[in-house]
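Peer 1: My structure is below; once you've seen it, I'll send some questions.
Rule-based calculations on the coordinates, nothing more; no lab input. Please read all numbers here as calculations on a predicted model, not as lab measurements. Note: ideal-geometry Cβ built from the backbone for every residue, glycine included; neighbour counts use all protein chains shown.
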Amino acid sequence: MAEPLLQTCALTKSFGAIHAVQNVTIDFMPGEIHAIIGPNGAGKTTLINLLSGDLEPTAGEIMFRGVDITRSPVDRVSQMGIGRSYQKTNLFTDFTCLENCWLGAQSRLSSSFRFFRNALDYDEVRERAFRALELCGLTHRRHVAAGTISHGEQRQLEIGMMLATEPGLLLLDEPLAGMGTNEAAEIIKLLKMLSKDHTLILIEHDMDAVFAIADVLTVIVNGRVLETGTPHEIHNSATVREAYLGAPEEAI
Ligand SMILES: Nc1ncnc2c1ncn2[C@@H]1O[C@H](COP(=O)(O)OP(=O)(O)OP(=O)(O)O)[C@@H](O)[C@H]1O
Ligand SMILES: [Mg+2]
C-alpha cells in the first residue's frame with residue numbers, strides 16, 4: 001500500500017478556551033480527493049491553516065512526504081509543494097488575471113532568489129504564470145483586471161494563483177462558496193481535471209458536489225474527527241447522520 005502523502009498525528013489547536021482542532025489524526029493518500037466536511041465552526045478552516053503553515057499547532061505533528069513540517073512557516077510549506085486557496089476571495093483586484101498568477105508564481109521562489117531577478121528567473125516565472133492561467137481556464141481573460149471578472153471566474157483565478165506555485169497537494173477551502181449551479185459545475189470540472197495529477201484536500205459545504213467527487217471523506221465535529229470513510233460509508237454511517245447531518249435521509 002502507498003505511503004500517505006500527508007499525515008497529521010494528534011493535531012491540536014486551541015485559541016484560549018476554544019479547542020478548534022482536537023487530537024486530529026488523518027492520513028491523506030497521494031492522488032486522492034479527500035474532503036473534510038462538518039458543521040459551521042467545526043474547525044475545518046483551522047485544520048487547513050495548520051496544514052498550510054498559516055497557524056502553528058498547540059500540539060501534535062504534521063508530516064509531508066515523510067518530513068516533519070509541524071512548525072514550518074507558510075512560505076516553506078509552499079516551497080515544499082503545498083498550495084492553498086482561501087475561504088474568502090483573496091485576489092489583487094486591480095491587477096490583471098495574468099499578474100495575479102505571476103505573483104503566485106513568484107511567491108514560490110525563495111526570497112534570496114527573488115532578489116537576483118535574472119533572465120532565467122523571469123522566464124520561469126512567466127512560464128509558470130501562463131501555465132497556471134491555462135490550467136484554470138482563464139487564458140482569454142489574461143489582460144482583464146481580476147476585480148472585474150465574475151465571482152466564479154475569481155474563484156477559478158484563485159485556483160490559478162495556487163497552481164502557479166506548482167504544488168503537488170492542493171488545500172481548497174470552500175471553492176464553491178457563493179456560486180450558482182453553472183459556475184459550480186465549472187469548478188467541479190476543474191477540480192476533477194486537477195485531481196488527475198494532484199492530491200486534493202477539499203473543504204466544502206455543497207454535499208452533492210462533495211459526494212460526487214471525493215474519494216474519501218473525513219467528518220469533523222467540534223474540532224474532532226467523527227469518522228473517515230468512502231462516500232458510501234459516510235452516507236450510510238449512523239454516527240455521522242446523528243451527529244452532523246441531523247437525521248433526515250435527504251440531508252445527504
Ligand atoms: N483566530 C481565531 N481566534 C479565536 N477563535 C478562532 C480563531 N479562528 C477560529 N476560531 C474559532 O475556532 C472554531 C473553528 O473555526 P473554523 O473557522 O476553523 O471553523 P470552520 O469549520 O471552518 O467553520 P465554517 O464552516 O463556518 O467555515 C470556531 O469556534 C471559531 O470561532
Ligand atoms: Mg471555514
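Peer 1: Computed over the Cα atoms of the chain, what is the ratio Rg over Rh, Rh following Kirkwood? Could you put the intermediate results ahead of the total?
Peer 2: Details: Rg = 18.3 Å, Rh = 18.7 Å.
Ratio value, two decimals: 0.98.
Peer 1: Name the longest site-free stretch of the chain, where the excluded sites are trypsin sites (Lys or Arg not before Pro) in a DSSP loop with no more than 13 other beta-carbon atoms within 10 Å. It would help to have the intermediate numbers written out before the result.
Peer 2: Numbers: sites that count: ARG71, LYS88, ARG117, LYS196.
It works out to 118-195.
Peer 1: Using label points projected 7 Å from each Cα along Cα→Cβ, tell me how many nm separate ASP208 and GLN87, to one decimal.
Peer 2: Using points 7 Å along Cα→Cβ, the separation is 2.4 nm.
Peer 1: As a test, work out the antiparallel percent of DSSP beta bridges whose residues both lie in the chain, rounded to the nearest 5. Numbers along the way, then the final one.
Peer 2: Working: 20 of 37 bridges.
Close to 55 percent.
Peer 1: Below 11 angstrom from the Cβ of GLY53, what's the summed charge of the other residues (Lys, Arg +1; Asp, Glu -1)? List each step's numbers first, then the result.
Peer 2: Details: positive: ARG71, ARG76, ARG84; negative: ASP54, GLU56, ASP75.
So the environment of GLY53 carries a net charge of 0.
Peer 1: Suppose R0 equals 35 Å. What FRET efficiency, 1/(1 + (r/R0)^6) with r the Cβ-Cβ distance, do ASP197 and THR239 give to the nearest 0.05? Present the calculation step by step, with values, prior to reporting the outcome.
Peer 2: Details: r = 34 Å, r/R0 = 0.98.
For ASP197 and THR239, the calculated efficiency is 0.55.
Peer 1: To the nearest 10 degrees, how steeply does helix 97-107 sit against the main Cα axis of the chain, on a 0 to 90 scale?
Peer 2: So the helix axis and the longest Cα principal axis differ by about 80 degrees.
Peer 1: Given a Förster distance of 30 Å, report the FRET efficiency between MET29 and ASP94 from their Cβ-Cβ distance, rounded to the nearest 0.05. Don't skip to the end; give the middle numbers.
Peer 2: Details: r = 40 Å, r/R0 = 1.34.
After rounding to 0.05, the efficiency reads 0.15.
Peer 1: Give me the distance between the Cα centres of the stretch 212-229 and the stretch 1-80, rounded to whole Å.
Peer 2: Their Cα centres are 14 Å away from one another.
Peer 1: Contour minus end-to-end for GLN79 and VAL144, with contour as 0.36 nm per residue of separation and end-to-end as the Cα-Cα distance? Before the final figure, lay out each step's value.
Peer 2: Details: separation 65, 0.36 × 65 = 23.40 nm, distance 2.82 nm.
Once the chain is fully extended between GLN79 and VAL144, it gains 20.6 nm.
Peer 1: Could I ask something else about it? Please give, to one decimal in nm, the separation of the simple spin-label points placed at ALA59 and ARG224, each 7 Å out from Cα toward the Cβ.
Peer 2: 1.4 nm
Peer 1: Still on this structure: Tell me, SER195, SER78, SER14 in order of fewest to most beta-carbon neighbours within 10 Å? Walk me through the numbers before you get to the answer.
Peer 2: Numbers: SER195 18, SER78 21, SER14 15.
In increasing order of surrounding Cβ atoms, one gets SER14, SER195, SER78.
Peer 1: If you place +1 on the Cβ of every Lys and Arg and -1 on the Cβ of every Asp and Glu, how big does the dipole about the Cα centre of the stretch 1-118 come out, in debye to the nearest 20?
Peer 2: Details: 10 positive and 10 negative charges, 50 e Å.
Approximately 240 debye in magnitude.
Peer 1: In which sequence would MET207, MET179, MET1 go, from the one with the fewest C-beta neighbours within 10 Å to the one with the most? Write out the running numbers ahead of the final one.
Peer 2: On the way: MET207 16, MET179 20, MET1 4.
Lowest count first: MET1, MET207, MET179.
Peer 1: If you don't mind, there's one more thing I want to ask. Taking the Cβ-Cβ separation of LEU103 and ASP123 as r and a Förster radius of 25 Å, what is the calculated FRET efficiency to the nearest 0.05?
Peer 2: The value I calculate is 0.90.
Peer 1: Here's a follow-up. By counting other Cβ atoms within 10 Å of each Cβ, how are CYS101, CYS136 ranked from fewest to most? Intermediate results must be reported in sequence, preceding the final value.
Peer 2: Details: CYS101 32, CYS136 26.
Ordered from fewest to most neighbouring Cβ atoms within 10 Å, CYS101, CYS136 come out as CYS136, CYS101.
Peer 1: Follow-up question, since we're still on this one. Give the Cα extents of the stretch 177-237 along the principal axes, in whole Å, largest first.
Peer 2: Sorted largest first, the three principal extents are 31, 27, 21 Å.
Peer 1: Kindly count the pairs of lysines across the chain whose alpha carbons are less than 22 Å apart, treating pairs on different chains or eight or more residues apart as eligible. Display every interim value, and only then the final one.
Peer 2: Working: LYS13/LYS44; LYS13/LYS88; LYS44/LYS88; LYS44/LYS192; LYS88/LYS189; LYS88/LYS192.
The result is 6.
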